[in-house]
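The values are calculated or read from the model by the stated rules, or taken from the named source; none is laboratory data. Note that the coordinates shown come from a computational prediction; the quantities given were computed from them, not determined experimentally. Cβ coordinates were reconstructed from backbone atoms using ideal geometry, including for glycine residues, and neighbour counts include every protein chain displayed. Note: areas computed on protein heavy atoms with side chains; ligands, DNA, RNA excluded. Shrake-Rupley method; radii C 1.70, N 1.55, O 1.52, S 1.80 Å.
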Amino acid sequence: MGNLHIVETGQENNETVIFLHAEGLAGWIWNEQVKAFPDYHCMVVDLPEHGQSSGVKPFTIARAAEMVVDLIRTRAHNGRTHLVGQSLGAQVAVQILATHPEMVDHTLLTGTLLRTSPHKETLLKLVDHIFKNYEPVKDTRFFIKAYMRTYNIPKVYFDQFQVSTQQISGDALNRVLHENLFFKIPLGLEKVRVPVLVMMGEKDYKVIKESVHDLVQVLPNSKAYMVPKTGHMWNIESPKIFNSVLRNFLTGNPFPDEIKPLNYHKTI
């Protein structure tokens, strides 16, 4: 049990933004965003069983969402917030949209996984196999460097990355991966009128691209964009573009030319 670890800046500002990180990492992935938004009240959360919230157990997406809702209720200005979520954090944000849309002003989602294999038992076996091979090496310098290269994460983040991998236990990571891989579009999302920006990097996984399509189909007030030449963690790869996109989204200004609209035909 316990409370989530939060880094809070700009409490004197009128509008709150809550940042939700990817699986296996922690709030440090948003460092460049927080620096660029000194005029907002920023709350950067370490999700349950991650980072300095590693003692908050057990992790489920639904429970994490409820804990963030409590933060919005008690610490966000006027009991409302903008949400920014990456990967697992985006899934938590989607859950909040489905359950408490009245507390959300704008939502930026990126790298959101919604589709999984219809063969659940086969996928479970695959996840267990991958996890058994991954757990013994997850804290090694070689593996961390390889993982960072895969996601094009700058070398300056090695120390933070290493600490994050050490802070999340094997059992916790197993729970997180199962929640992440089996997350589906929650009921009620089709009624949400909150403006939602659904993003992905051009080099992100095919299943993420398919999930972007699914989100745009179900969310009435959503738009989708792709960021060329970037991957899953493009907020770290291209922070200036990410910050420009987020600020323009929150203020209603045109997006930078670098990002490309994905003109999915809506069926809703």
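Placing +1 on the Cβ of every Lys and Arg and -1 on the Cβ of every Asp and Glu, with nothing else charged, gives the range 1-118 a dipole about its Cα centre of roughly 280 debye. Other residues within the sphere of radius under 13 Å centred on the Cβ of Ile153, judged by their own Cβ, net out at 0 (K and R +1, D and E -1).
Taking θ as phi - 60° and the Karplus parameters 6.51, -1.76 and 1.60, the scalar couplings of the range 75-80 work out to 10, 6, 5, 6, x, 9 Hz in sequence order, x denoting glycine and proline. Sequentially through the range 56-71, phi angles give Karplus couplings (6.51, -1.76, 1.60; θ = phi - 60°) of 8, 10, x, 7, 9, 5, 4, 5, 4, 4, 5, 5, 5, 4, 4, 4 Hz, Gly and Pro residues having no value and appearing as x. Taking 0.36 nm per residue of separation and subtracting the Cα-Cα distance, full extension of the segment from Thr150 to Asp257 would add 35.9 nm.
Note on Phe142 and Leu124: the model spin-label points, each 7 Å out from Cα along the C-beta direction, lie 3.3 nm apart. From the Cα gyration tensor of the range 145-268, with a ≥ b ≥ c the square roots of its eigenvalues, which class applies: rounded if a/c is under 1.5, or else prolate if a/b is larger than b/c, or else oblate? Taking the square roots of the gyration eigenvalues as a ≥ b ≥ c, the range 145-268 is oblate.
Taking every DSSP bridge with both residues inside the chain, close to 25 percent are antiparallel.
May I ask you to rank Ser244, Ser222 by accessible area, largest first, using a 1.4 Å probe over the protein chains only?
On the way: Ser244 40, Ser222 10 Å².
Listed by decreasing accessible area, they come as Ser244, Ser222.
Using a 1.4 angstrom probe, figure out how much accessible area the chain has per residue, in square angstrom, rounded to the nearest whole.
Normalised by residue count, the accessible surface of the chain is 46 Å².
From the Cα gyration tensor of the chain, with a ≥ b ≥ c the square roots of its eigenvalues, which class applies: rounded if a/c is under 1.5, or else prolate if a/b is larger than b/c, or else oblate? Here the chain falls in the rounded category. Rg and Dmax of the range 1-97, based on Cα coordinates, read 12.1, 34 Å. Between Gln11 and Glu135, the simple label model (points 7 Å from Cα in the Cβ direction) yields a spacing of 4.1 nm. On the chain, 54 percent of the accessible area sits on carbon and sulfur atoms, based on a 1.4 Å probe. Database remark: amide H of Asp105 closer than 5 angstrom to the amide H of Thr81, His82, Leu83 (H placed geometrically; neighbours at sequence offset of 5 or more, or on other chains; Pro and chain starts carry no H).
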